[in-house]
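Heads up: the structure comes next, in structure tokens.
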Amino acid sequence: MSRLVSLLPAATEIAAALGLMDDIVGVSHECDFPEEANVRPRVTRCPVHQAGLSSREVDDWVRRALRENGTIYTIDETLLRELRPDVILSQKLCDVCAVNYGTVVRLAETLPGPPHVVNLEPSSLSDIFDDIRRVAKVCGVSHRADKVVAELSTRVEAVRERAAKIPARPRCFLMEWIDPPFCSGHWSPELVEIAGGHDPLGRMHQPSVEIKWEAVLDARPEVIVLALCGYDVDRARRDCELLGKFPGFDSLPAAQNNRVHIVDASACFARPGPRIVDSVEILAGILHPEEFPEFSPS
């Protein structure tokens, strides 16, 4: 049995899917699924978390903190030492999503053991599945990963095969931030493709970036999906009001046909763990509600 500390929500969900929840002795301040994660000691914090700031204020604060400090998170070093982890699950992918990887490695080197730091850095759906295998291997349960990945892959392929038979592939703008506007990146454009759409603004397997609103007007998306990084549906709904005030928004086909959808990015789209497959199914229901009635939004 290993003593695991997870510094990102996706890693906690991966460990849980592998039957390792009892091994987790500490989590990040954002780990909230499965329910057992909420009773584990929290080894990180972020001043901006649930601070009630607007999207623009959050963006400004994050940029300033990264510029001045190199990170937006703080690790409780005293607690981490008390937890005596054998394995720390971390990531290099994004300094906005979790504690800076270099910071974690340097701290781990000072701990007894020292613990094995596992880097999860997915940029595609297959990378996410590989991360499940990676965590399983480190924890000595590789056989469990085969079953988990097989079940998730079966769900993805079921959507892919059905969507491939649909001739219409609507232009879908998967929006990761509203103020300022950010396009989707990494695995997100791939999810849109699998679900039977096309994101002309997305950056497949690359980081998302800030874009000009004029680029959205030029792309004329038929569907807009607000998958705002770190936001649940209620928080994203408040930002949706900002979107409607952007110049020319009413001229977009998505606005004219009432096809602007809000999703829980915090739980699914922006969390590269097992529930990323839920995102594929949700997108299929949004893009093709008649063909995927079981996933169509209420």
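The values are calculated or read from the model by the stated rules, or taken from the named source; none is laboratory data. Values in this document were obtained by computation on a predicted structure and should not be read as measured data. Quick reminder, even Gly has a Cβ in these numbers, built from the backbone with ideal geometry, and neighbours come from all protein chains shown. These area figures cover heavy atoms from the full protein model, side chains too; ligands, DNA and RNA do not enter into them. Shrake-Rupley method; radii C 1.70, N 1.55, O 1.52, S 1.80 Å.
Annotations for the structure displayed:
- By the rule of a C-alpha distance below 24 Å, with chain neighbours fewer than 8 residues away ignored, the lysines paired with Lys245 are Lys212.
- Solvent-accessible surface (1.4 angstrom probe) belonging to Leu228, in square angstrom, nearest 10: 0
- With all protein chains in place and a 1.4 Å probe, the accessible surface of the chain carries 49 percent carbon and sulfur.
- Here the contact order of the chain, divided by its residue count and restricted to Cα pairs under 8 Å and six or more residues apart, works out to 14 percent.
- Evaluated over the chain, the Cα radius of gyration and Dmax, each in Å: 19.5, 60
- Cα-projected label distance for Ala158 with Asp60, points at 7 Å along beta-carbon direction, nm: 4.7
- DSSP beta bridges in the chain [antiparallel fraction, %, rounded to 5]: 15
- Taking Cα atoms only, the orientation of helix 233-243 departs from the longest principal axis of the chain by about 40 degrees.
- Cα shape, segment 68-222, gyration tensor, a/c 1.5 rule: oblate
- Sequence ranges 99-110, 283-294, ranked by mean other-Cβ count within 10 angstrom, highest first: 283-294, 99-110
- Average accessible surface for the chain: 46 Å² per residue, computed with a 1.4 Å probe over protein heavy atoms with every protein chain in place.
- Partner lysines whose Cα lies under 22 Å from the Cα of Lys92, excluding those fewer than 8 positions away in the same chain, are identified as Lys137.
- Degrees between helix 55-69 axis and first principal axis of the chain (Cα, 0 to 90, nearest 10): 40
- Ranked packing of 79-85, 15-21, most packed first, by mean Cβ within 10 Å: 15-21, 79-85
- Segment Glu294..Asp130, full-extension length gain: 56.2 nm, with 0.36 nm per residue of separation and the alpha-carbon distance subtracted.
- Selection from Val277, Phe33, Gly202, by position along the positive dipole direction of the chain (Cβ): Gly202
- Remark on segment 147-298: ratio of C-alpha radius of gyration to 2.2 N^0.38 Å is 0.98.
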